[in-house]
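Report on the following structure.
The values are calculated or read from the model by the stated rules, or taken from the named source; none is laboratory data. In this text the structure is predicted, and so the values were computed from the model without any measurement. Please note: Cβ atoms are built from the backbone with ideal geometry, for glycine as well, and neighbour counts cover all protein chains shown.
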Amino acid sequence: MCNYLCYTTGMNLAGLHHVTMITGDAQQNVRFYADLLGLRFVKKTVNFDAPDAYHLYFGDEQGTPGSILTWFEFAGAQRGRAGIGMIHTLQLGVASEASLDFWEQRLSAGGYESRRGDKSLRFEDYDGLGLELVVAELGNPPLRAQHPEIPAEHAILGVEGARAYSEYAHVEERMLTDVLGFAYEGDGVYLLDGSERRFRWAYDQAPDTRPVPGAGTVHHIAWATPDDEQLGWQQRIRESGGYVTGVKDRDYFLSIYFREPRGVLFEIATLSPGFAVDEDPEHLGEELRLPKQHEHLRSHLEATLRPVENPRRVAA
C-alpha cells in the first residue's frame, strides 16, 4: 500500500513509534495506565526541554515501538480540550469482542464509564483523554504487557490508530500520501502499511470550540523509522516544502520533528537503541533515569520531583 515515492526511494516507515500526551498528575498516570490498563511502566525520566517535569513511558514488556504511550507531567496542569490540528482519540487494540466485555467490566469497577460501539469501547482517562479499545484487525503482531489481574487473551495488544481534528477532514492530505507513504482509503481515513506494523490514521471535522492545550491532550505522535533512513526522511520533508528540525538525541531513539499541514506535530524516531540501553530489561521503569545532558541535576531533581512508584517494584 506504500505509494510510488516509497518504492522509488526504497524507504518505508516502520509503523507507529509512540504517542506523547500531557498530564497534571504523574502518580495518577501510573495508576491508570499501569494498574488499570495493565501496560508496563517502562521508563521514568524527565522532559529533555523542561527537566523539572517528568516524562513517563508505558508499553509492552520490552517497550516495543508501536506499543508506547508517553506523558509529560506538568504538575497541577488544568484540563485541556482537543480542537483543530490536534489528536482527539487513541485506538488501542484488543483480541476480540469478549475482550471488550472484559474491559467494560474492569473500567466500570475502576469507576470509569464506557460506551460500546461496533467492535469498540470508548472511554476517557482521568484527564479526559479520549481512548477507544478496538478489535485489532490490521494483522499487527501482538505487543502485550503482563498484569496479574488481566488475562493474556484480553491484554492490550498495541496502538492501532488515532483520530485528529481538521478543517478539511475529507480532503486527501497529500503530505501523508505523497511524502510519508500512507494510503488514502477515503472519508478522511488513511492506512500506514509499515515495514513492521500497520496503523490507521483519520481526520474528523473540527469542532467550533477553540483548542486548549493542557492535561488530557496529545502533544505529538511519532512514526518509527529504521535508523539508517531517518536522514532520508528529513531530506524528503525539506524537499516537499516542510520545515523539519535537526536530529535530536533522545537517549532511547533519535528524533526529527515537523508539523503536517493540518497542524498535528509529527516526529520520526529511530527504532534503536531502545529502553534497555540504561536499565536491566527485567527492571525497566523502576529507577529515575536522566538524559545524559541532565545527569548533573540529579540531586536537585530527586529532591524536588514528587516520588512516583512503579507498581511492579511495589508488588515485588
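Here are the numbers for this structure:
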read-out	value
Selection within the range 215-251 - touching a Pro at 6+ places or on another chain (Cβ under 8 Å) and more than 27 Å from H88 (Cα to Cα)	D251
Candidate set from the range 242-253 (those that are surrounded by 14 or more Cβ atoms within 10 Å (Cβ to Cβ) and more than 26 Å from L284 (Cα to Cα)); member that is modelled with the lowest pLDDT	G242
Pick from the range 285-299, criterion in contact with a Lys or Arg (Cβ under 9 Å, 6 or more places away or on another chain) and either among the acidic types (D, E) or at positive phi (or both), ranking: surrounded by the most Cβ atoms within 10 Å (Cβ to Cβ)	G285
Qualifying residue in the range 16-26 (condition: in contact with a helix residue (DSSP H, G or I) (Cβ under 8 Å, 6 or more places away or on another chain) and closer than 19 Å to F123 by Cα)	yes
Neighbours by Cβ (under 7 Å, 6+ apart or cross-chain): first from the range 216-232, surrounded by fewer than 23 Cβ atoms within 10 Å (Cβ to Cβ); second part of a helix (DSSP H, G or I) and of a type outside the set (A, V, I, L, M)	G232/T9
The range 224-243: number of residues that are in a helix (DSSP H, G or I) and either among the β-branched types (V, I, T) or in contact with an Asp or Glu (Cβ under 8 Å, 6 or more places away or on another chain) (or both)	1
Filter result (β-branched (V, I, T) and under 15 Å from the mean Cα position of the chain (by Cα)) within the range 31-59	V42
The range 98-116: number of residues that are touching a residue at least 12 places away in the same chain (Cβ under 8 Å) and out of contact with any strand residue (DSSP E or B) (no Cβ under 6 Å at 6 or more places or on another chain)	6
S99 vs. criteria over 30 Å from D208 (Cβ atoms) and crowded, with 20+ Cβ neighbours inside 10 Å	yes
Candidate set from the range 121-131 (those that are in contact with a helix residue (DSSP H, G or I) (Cβ under 7 Å, 6 or more places away or on another chain) and without any contact (Cβ under 8 Å) to a residue 40 or more places away in the chain); member that is farthest from N29 (Cα to Cα)	L121
Candidates E172, E167 - the one that is of a type in the set (D, E, K, R) and in contact with a Lys or Arg (Cβ under 9 Å, 6 or more places away or on another chain)	E167
Residue within the range 252-267 that is touching a helix residue (DSSP H, G or I) at 6+ places or on another chain (Cβ under 7 Å), closer than 30 Å to V179 by Cβ and of a type in the set (D, E) present	yes
Some residue of the range 245-263 being among the hydrophobic types (A, V, I, L, M, F, W, C) and farther than 22 Å from G59 by Cα	yes
Hits in the range 75-96 - residues which are surrounded by fewer than 20 Cβ atoms within 10 Å (Cβ to Cβ) and over 17 Å from the mean Cα position of the chain (by Cα)	A75, G76, A77, Q78, R79, R81, G83, I84, A95, S96
Within the range 260-270, tally of residues that are surrounded by fewer than 18 Cβ atoms within 10 Å (Cβ to Cβ) and either without any contact (Cβ under 8 Å) to a residue 40 or more places away in the chain or in a loop (DSSP other than H, G, I, E, B) (or both)	2
From the options E239, E302, E282, residue that is touching a Leu at 6+ places or on another chain (Cβ under 9 Å), surrounded by fewer than 17 Cβ atoms within 10 Å (Cβ to Cβ), without any contact (Cβ under 8 Å) to a residue 40 or more places away in the chain and acidic (D, E)	E302
Wholly within the range 1-114, helices (runs of 4 or more DSSP H) carrying at least 3 residues that are farther than 23 Å from I256 by Cβ, in contact with a Lys or Arg (Cβ under 9 Å, 6 or more places away or on another chain) and not polar (S, T, N, Q)	97-109
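Residue by residue, here is whether (1) touching a residue at least 60 places away in the same chain (Cβ under 8 Å); (2) closer than 18 Å to T20 by Cβ; (3) in a strand (DSSP E or B) holds:
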{"site": "L133", "(1), (2), (3)": "no, no, yes"}
{"site": "A145", "(1), (2), (3)": "yes, no, no"}
{"site": "I156", "(1), (2), (3)": "yes, yes, no"}
{"site": "E160", "(1), (2), (3)": "yes, yes, yes"}
{"site": "E185", "(1), (2), (3)": "no, no, yes"}
{"site": "S195", "(1), (2), (3)": "yes, no, no"}
